[in-house]
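Input: a single structure, listed below in structure tokens.
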Amino acid sequence: MNNIAVIVASGTGTRTGLDTPKQYNEFLGMPLFVHSFKFFHNSPLFSHVVLVANSEWHDFIKEELADYNNFTITTGGDTRAQSVYNGLVAAKDISPDTVYIHDAARPFIDLNVINAMHDEILNGADGAIPYIEIADALWQIDKNQQLTVPVDKSGRIRAQTPQAFNFKKLLAAYSCCDFKSALDDAQIATQSGMIVKAIKGTSFSDKLTYKEDFLRMEKALAPKILPRSGIGFDVHRFCEGDFVTLCGIKIPHKMGLEGHSDADVAWHALTDALLGAMALGDIGKVFPPSDIKWKGASSSIFLEYAKDQVKKHGAEIANVDITIICEAPKVGKYREALQKSTAEILEIPMDRVGIKATTTERLGFTGRSEGIAAQAIASVVQYI
């Protein structure tokens with residue numbers, strides 16, 4: 001079956017009290033909506049993802065998903081139902097068999113629940129939704145917050161997403177009814193006569209609505225935070241020239257540094273440290289010196305790549321530390337500039353970038369002023 005996902009991310013998210021809509025707020029190292037996007041994008045069950053968002057957030061989404069393909073962004077509507085309809089229309093040309101409609105504010109999706117819904121549709125149901133049983137007592141209250149009558153909770157469930165449906169039938173249901181006040185997609189489907197099954201879900205798939213929801217979920221997932229670290233070391237010999245490049249900054253010197261790229265020994269070591277932290281090999285594997293296209297290249301390209309790989313693997317950079325080893329040039333007065341340039345590339349605060357310089361007391365190749373060495377360590381935090 002050709003399955004697609006429609007992620008609804010066009011709400012205002014004001015109930016969180018955050019400065020940005022909750023679906024774009026940072027959560028465990030990435031914007032909230034990216035968690036569910038990555039699930040659908042990386043699952044072999046799904047061929048395409050449609051993101052429904054207000055137009056002012058389209059550029060932000062494109063930037064966050066720059067390393068991904070097989071997705072479409074379309075504009076949301078005034079209501080959730082209108083946004084869902086816009087997403088369905090945007091997916092018509094894909095001709096999917098089944099659509100899974102999901103709230104961007106639900107970052108975690110259980111694969112077993114997805115498989116159970118998939119099986120129900122394969123077995124002839126028009127749709128399936130996950131649910132949670134209501135454990136607490138239910139009451140009706142008046143406008144003064146006073147209890148009035150208890151509500152019988154038997155036979156009642158709390159619906160979640162993603163909700164899965166036969167695509168053509170759901171689109172037809174949306175196209176022939178007044179859906180603007182619908183609570184969810186299952187309401188549209190059942191009102192049109194579609195047979196929708198309920199599949200037991202998990203509380204981890206609950207929506208993050210209020211600020212305390214973010215704090216609660218982060219606390220619950222704390223044991224799943226994995227600290228990682230990597231080290232890097234690099235050396236470049238001196239050659240003819242009148243400057244050396246360290247951390248992207250040209251520092252005047254009586255010699256230059258020899259290398260296939262710009263020979264930025266500090267950023268080369270740091271690139272290796274970041275790649276090492278994620279067990280992704282080294283700079284020579286990704287940017288082989290035998291490849292002519294890297295001749296004279298700026299090392300910012302290498303460091304940007306390493307940073308993006310950390311991010312792509314669901315991690316964030318905690319801090320980095322670089323030690324530059326040479327007799328000359330003296331880099332102390334450039335320390336702040338080196339910190340700033342590195343922090344800008346890595347998109348982290350300057351106080352999380354350490355820059356140090358030392359000599360080898362005139363011992364070894366650096367002591368003989370034959371070149372410059374650098375070592376770096378990077379600490380990252382991965383959310384698993």
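Residues in the stretch 230-245: is at least one more than 19 Å from Thr366 (Cα to Cα) and among the basic types (Lys, Arg)? Spell out the reasoning first.
Step one: of the stretch 230-245, the residues more than 19 Å from Thr366 (Cα to Cα) are 230-231.
Restricting the remaining residues to those that are among the basic types (Lys, Arg) gives none.
Among the residues of the stretch 230-245, not one is more than 19 Å from Thr366 (Cα to Cα) and among the basic types (Lys, Arg), which makes the answer no.
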The residue that is farthest from the chain's Cα centre (by Cα), considering only those in the stretch 86-119 that are of a type in the set (D, E, K, R) and assigned to a loop (DSSP other than H, G, I, E, B), is Asp97
Those residues of the stretch 183-198 which are surrounded by 14 or more Cβ atoms within 10 Å (Cβ to Cβ), out of contact with any Ser or Thr (no Cβ under 8 Å at 6 or more places or on another chain) and in a loop (DSSP other than H, G, I, E, B) amount to Ser192, Met194, Ile195
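I'd like the full set of residues that are part of a strand (DSSP E or B) and either exposed (fewer than 11 other Cβ atoms within 10 Å of the Cβ) or in contact with a helix residue (DSSP H, G or I) (Cβ under 6 Å, 6 or more places away or on another chain) (or both), limited to the stretch 145-158.
Within the stretch 145-158, the first condition is being part of a strand (DSSP E or B), and the residues that meet it are 147-151, 157-158.
Correct list: Leu147, Thr148, Val149, Pro150.
Can Tyr100 be described as among the hydroxyl-bearing types (Ser, Thr, Tyr) and modelled with pLDDT of 95 or more? Working first, answer last.
Values: among the hydroxyl-bearing types (Ser, Thr, Tyr): yes; modelled with pLDDT of 95 or more: yes.
It is true that Tyr100 is among the hydroxyl-bearing types (Ser, Thr, Tyr) and modelled with pLDDT of 95 or more.
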(1) farther than 27 Å from Ala104 by Cβ; (2) among the β-branched types (Val, Ile, Thr); (3) outside the structural domain of Lys340 (by TED's automatic domain parsing) all hold for Ile249 apart from (3)
Phe165 - would you say it is surrounded by 15 or more Cβ atoms within 10 Å (Cβ to Cβ), in a loop (DSSP other than H, G, I, E, B) and over 26 Å from the mean Cα position of the chain (by Cα)? no
Any residue in the stretch 257-279 that is surrounded by fewer than 22 Cβ atoms within 10 Å (Cβ to Cβ) and hydroxyl-bearing (Ser, Thr, Tyr)? yes
When you check Asp321 against the structure, is it acidic (Asp, Glu), at pLDDT 95 or above and buried (at least 22 other Cβ atoms within 10 Å of the Cβ), yes or no? no
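Whether any residue in the stretch 185-194 is free of Cβ contacts under 8 Å to residues at least 12 places away in the same chain, among the acidic types (Asp, Glu) and within 24 Å of Arg80 (Cβ to Cβ) is what I want to check.
Initially, the stretch 185-194 is screened for residues free of Cβ contacts under 8 Å to residues at least 12 places away in the same chain, giving 187, 190, 193.
From the residues that got through so far, the ones that are among the acidic types (Asp, Glu) too are none.
No, because not a single residue in the stretch 185-194 is free of Cβ contacts under 8 Å to residues at least 12 places away in the same chain, among the acidic types (Asp, Glu) and within 24 Å of Arg80 (Cβ to Cβ).
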Selection from the stretch 350-370 of residues touching a residue at least 60 places away in the same chain (Cβ under 8 Å) and surrounded by 20 or more Cβ atoms within 10 Å (Cβ to Cβ) yields Ile355
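Yes/no per residue for (1) touching a Gly at 6+ places or on another chain (Cβ under 9 Å); (2) of a type in the set (Phe, Trp, Tyr); (3) more than 30 Å from Gly29 (Cα to Cα):
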position: Gln163; (1), (2), (3): yes, no, no
position: Leu170; (1), (2), (3): yes, no, yes
position: Ser175; (1), (2), (3): no, no, yes
position: Asp184; (1), (2), (3): no, no, no
position: Gln191; (1), (2), (3): no, no, yes
position: Ile195; (1), (2), (3): yes, no, yes
position: Tyr210; (1), (2), (3): yes, yes, no
position: Asp213; (1), (2), (3): no, no, no
position: Lys219; (1), (2), (3): no, no, no
In the stretch 218-261, anything modelled with pLDDT under 90 and closer than 27 Å to Leu32 by Cβ is listed as Glu218, Lys219, Ala220, Leu221, Ala222, Pro223, Lys224, Ile225, Leu226
Here the residues within the stretch 67-96 that are modelled with pLDDT under 95, of a type in the set (Val, Ile, Thr) and under 16 Å from Ser47 (Cβ atoms) are Ile94
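Give the residue that is surrounded by the most Cβ atoms within 10 Å (Cβ to Cβ), with candidates limited to residues of the stretch 60-85 that are among the acidic types (Asp, Glu) and within 15 Å of the chain's Cα centre (by Cα). Spell out the reasoning first.
Step one: of the stretch 60-85, the residues among the acidic types (Asp, Glu) are 63-64, 67, 78.
Narrowing the set further to residues that are within 15 Å of the chain's Cα centre (by Cα) leaves 63-64, 67.
Details: Glu63: 8, Glu64: 17, Asp67: 9.
In this case the residue turns out to be Glu64.
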Taking the stretch 48-59 and keeping only residues that are surrounded by 16 or more Cβ atoms within 10 Å (Cβ to Cβ) and of a type in the set (Gly, Ala, Ser), one is left with Ala53
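Would you mind listing the strands (runs of 3 or more DSSP E) fully within the stretch 307-384 where at least 2 residues are small (Gly, Ala, Ser) and over 30 Å from the mean Cα position of the chain (by Cα)?
Details: elements: 315-325, 353-358, 371-383.
Here the list reads 371-383.
The values are calculated or read from the model by the stated rules, or taken from the named source; none is laboratory data. Since we're looking at a predicted model, the values are computed, not measured. We place every Cβ from the backbone using ideal geometry, glycine too, and count neighbours over all the protein chains shown.
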